Every structure is written in structure tokens, then in C-alpha cells.
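The values are calculated or read from the model by the stated rules, or taken from the named source; none is laboratory data. Keep in mind it's a predicted model, so treat the numbers as computed, not measured. Methodologically, a virtual Cβ is constructed for each residue, glycine included, from the backbone with ideal geometry; neighbour enumeration extends over all protein chains shown. The accessibility values were calculated without ligands, DNA or RNA, using every heavy atom of the protein model including side chains. Shrake-Rupley method; radii C 1.70, N 1.55, O 1.52, S 1.80 Å.
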Amino acid sequence: MAVDYEKHLEKALASLHEEGRYRVFTDLARRAGDFPRAMNHSTEPPREVTVWCSNDYLGMGQNERVMTAMKDAIDTMGTGAGGTRNISGNHHTIVTLEKELCDLHNKQAALVFTSGYISNEATLSTLAKLLPDCIIFSDELNHASMIEGVRQSGCSKRIWRHNDIAHLESLLREADPNRAKLIAFESVYSMDGDVAPIAEICALAEKYNALTYLDEVHAVGMYGQRGGGIADRENLMHRVDIIEGTLAKAFGVMGGYITGNSSLIDAIRSFAPGFIFTTSLPPAIAAGAIESVRILKQANDVRARHQDRAARLKEMLTQEDLPVLLSETHIVPIMVGDPVLCKAASDRLLNEHNIYIQPINYPTVPRGTERLRITPTPLHDDVMLEELVSAVKEVWDYLGISRDVPMPMSLSAAQ
């Protein structure tokens, strides 16, 4: 019997609908100079909404200096990069960008990719293949891009319980001391907002002769004296072998990168298919990223305002007895614990209150920990905070959502 392709695809999609985790993308148009406001084109006529879940954490996507730098680059160098860097050469802006990133993280070299996902996937898979009989030690809550990089490496792997230093050491102790070892982890975990014990992990790496790979995508620009991330804040960048980051979140543009010593970066440049065979970022994107990195190296006032907004929102939500995770970072999740209710809460906030917060369901988070993930920015003022809290309270009451939802294990010990 012939395969009914359409039937199989429709069945797969139907299962998502039945579980309440079918993803709906809202048609939004951000407005430069008016963030976090946007126009919702999913309605007729379009309506203005306030965005509360953007990864443009500091609003740099509308910064005038960044926009001017991008426009100037288009006027002088055109739109595209012309191909891969091997074929078309390194356009000067991307060389300058990599120098800025070296300086940001105090490393010898940097390499820019088209996205943070690709930088993780390409680097982890390539590096582990180049090291003899490598074992990768991966935190159980690492991002999907890191998991895919580990998988593609084909190397042995050991998954350690999230942020559990004792478990990590037990796995390192069991490993053959003559085998290459790579410890992969994140600084800020984007769904719960908790932070890795970087100093303790580095100490274990030094003790057991392992390399460290730190994903700082949800921290660069926002933490540290110059925005180098959590490792910058804790004066630990010199102890981390590879620091990976993104240009698409706090820096407000797009792209990913790694930084490290010269031989390591050269090895990834020379062997990683995800780098070699991908068209380079266009000059305009690189130019915008350069300006954004330079601005945020000196923007401690913006970082302070960002932390103030997050802390204030957590306080206000707590006062209303809403189930907010009280992490130490800018991530503000409100627990729902049910995919259908999570989608319903998101829909009501959008349709009745003109507030956009996308629901976070499985597989992004474990089943039973569905949530609304809020990311306040320095541009969300007090009135917006009050409107949000009032709207969330109304939605919780209207839908009868429990205020007593179990917290994820990653934060339960701290609260």
C-alpha cells in the first residue's frame, strides 16, 4: 500500500493540538523608537500591544546608533556578504566585530556564526571530534543546540544533574584520566532564570584536566562590568576555555560567536562544516553588532535599570500571590503547570488586555512546568508594570488557574 504522506503529517499535527501545545505565531510588527510597543496584525484592524517576552532584552534592536551603523554599512558596502567567508573573503566589518568580541571576553580570538544555535552545534560537534577519545559532560538542562552538538559529535557523553557539582565530580572521577574531557554548560538558564556555579565547575575542570565550554547567550550584554556575562561579573572569564554568545538577544541584532585561544578558534574555523559552508553575516548586521557591543561595554546604567525592572516585577507579582519563580536574573517565569491553560492565559492576555506573552510548553520545558516567561526590559515603565500585573491577576482569576503550582527542581532548593 502506498504511503499516505499527508495523513501522517496531519496525524502528527493533530497530536500537538490534542496535547494543547500546538504553536501559534502571532503576526507582530515592532516599531522602531516605540519598543516595547508593537502592532498585532493577527487582528483586523491591527491593534497596539505591549510585548513582554522579547529576547531583545535591552531594547538595542531600536537603538539609534545601532540603526545608523547598519544603514551606513548598506550605503557603503551593499546588502549581502557575497557568500561564505572562504569564497568571498572576510568583509572588514566582521573582522572588526570579532576583535570587539575578543576584547569583550578578554580572549585571543573569536569566530562569528550566523546564529547562536549554529555556533553551539558546530563548535561542540567539531571540537569533540578533534579531541582524542573525548567525553562530553553536559548539564541536563543545556539548550537544544548544545544537545544537538553533543549528539553530532558521536563522542561519549555523560549527563550531569542540573548545577549539581557533586554529581559532575563523580562522573569526572569515574572517567579515564587519559581521555579528553569537555564540560558544557550555560551561565543563565533561560527558562528558570537560575545561574550556573561557574567557579566550582572551573575548579573541577582544572582538577580533572577538562576543557570548559560556557554558553553565555542569556547573559552577554546584561551582566558584568562591561557586559561580558556572568563570567565577567564574577571575574572568571580567564578560567573558562570557550565562551559562546549571541548577537541576537541583548545586542539586538543577529548571529552567534565563540571566543577562546587562537589555536582552538582556528581549529573550529578550519574544520566546522556549520561555519565553512554557510554564507557570512551581511556587513550591515556586523556593523550593527559592533556598535551595540561598543555601547553596552559602557552601559552599566542600562544594566542597572534592567535589573531594577525585573526585581520590581517579581515583587509586584509576589504581592498578588501569583506563582512567580524568584530567580536572581532578569527571567521572570509565572508557573501555570498545564499546556491548555497556559495557551488560554496567553490568548486572554493578548485578546482582552493587548499584552503579548507567548506560552512556554513542552518540549521547551518539562511537562507539568508550563509557564508564561516574562522578560522585562529597561524600557518597560511603571505604568506598564502595573498594567501587566493587573492583567495577569484578572486572567488567573477568570481561568481559575492555581496559584499553588510546584516549582521546577532547579529552583526548589533555593526557595
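Some observations on this one:
- Of all residues in segment 235-250, those satisfying the criterion of being aliphatic (A, V, I, L, M) and open to solvent by 10 Å² or more (accessible area, probe 1.4 Å) are L236, M237, A248.
- Residues of segment 323-357 classified as under 21 Å from R305 (Cα atoms) and charged (D, E, K, R), total: 1
- Looking across segment 266-285, the residues that are crowded, with 17+ Cβ neighbours inside 10 Å and not small (G, A, S) come down to I268, F275, T278, L281, P282, P283, I285.
- Of all residues in segment 36-64, exactly one satisfies the criterion of being closer than 25 Å to G255 by Cβ and either exposed (fewer than 12 other Cβ atoms within 10 Å of the Cβ) or at pLDDT below 95 (or both), namely E64.
- Subset of segment 342-379 [of a type in the set (K, R) and within 15 Å of T50 (Cβ to Cβ)]: R348
- Residue that is nearest to V217 (Cα to Cα), among those in segment 116-132 that are surrounded by fewer than 20 Cβ atoms within 10 Å (Cβ to Cβ) and in contact with a Ser or Thr (Cβ under 8 Å, 6 or more places away or on another chain): I118
- Every residue from segment 105-143 that is aromatic (F, W, Y) and more than 30 Å from V293 (Cα to Cα): F137
- Scanning segment 286-321 for residues that are open to solvent by less than 10 Å² (accessible area, probe 1.4 Å) and within 20 Å of D192 (Cβ to Cβ) returns H306, A310, L313, L317.
- Scanning segment 346-393 for residues that are modelled with pLDDT under 95 and among the aromatic types (F, W, Y) turns up just one, Y362.
- Tabulated pairs, segment 41-52, first over 10 Å from I357 (Cβ atoms), second part of a loop (DSSP other than H, G, I, E, B) and not polar (S, T, N, Q), C-beta under 6 angstrom, 6+ apart or interchain: H41/D27; S42/D27
- In segment 373-390, residue farthest from A250 (Cα to Cα) [restricted to those that are among the aliphatic types (A, V, I, L, M) and crowded, with 21+ Cβ neighbours inside 10 Å]: L388
- Verdict on M77 being over 25 Å from the mean Cα position of the chain (by Cα), of a type in the set (A, V, I, L, M, F, W, C) and open to solvent by 30 Å² or more (accessible area, probe 1.4 Å): yes
- Wholly enclosed helices (runs of 4 or more DSSP H) of segment 112-199 bearing at least 3 residues over 21 Å from the mean Cα position of the chain (by Cα): 116-130, 165-174
- Selection status of I87, without any contact (Cβ under 8 Å) to a residue 24 or more places away in the chain and either open to solvent by less than 30 Å² (accessible area, probe 1.4 Å) or not hydroxyl-bearing (S, T, Y) (or both): yes
- Which numbered condition E370 misses (of (1) touching a Gly at 6+ places or on another chain (Cβ under 7 Å); (2) closer than 19 Å to R21 by Cβ; (3) open to solvent by 10 Å² or more (accessible area, probe 1.4 Å)): (3)
- Residue match in segment 181-196 (condition: over 25 Å from M335 (Cβ atoms) and surrounded by fewer than 16 Cβ atoms within 10 Å (Cβ to Cβ)): no
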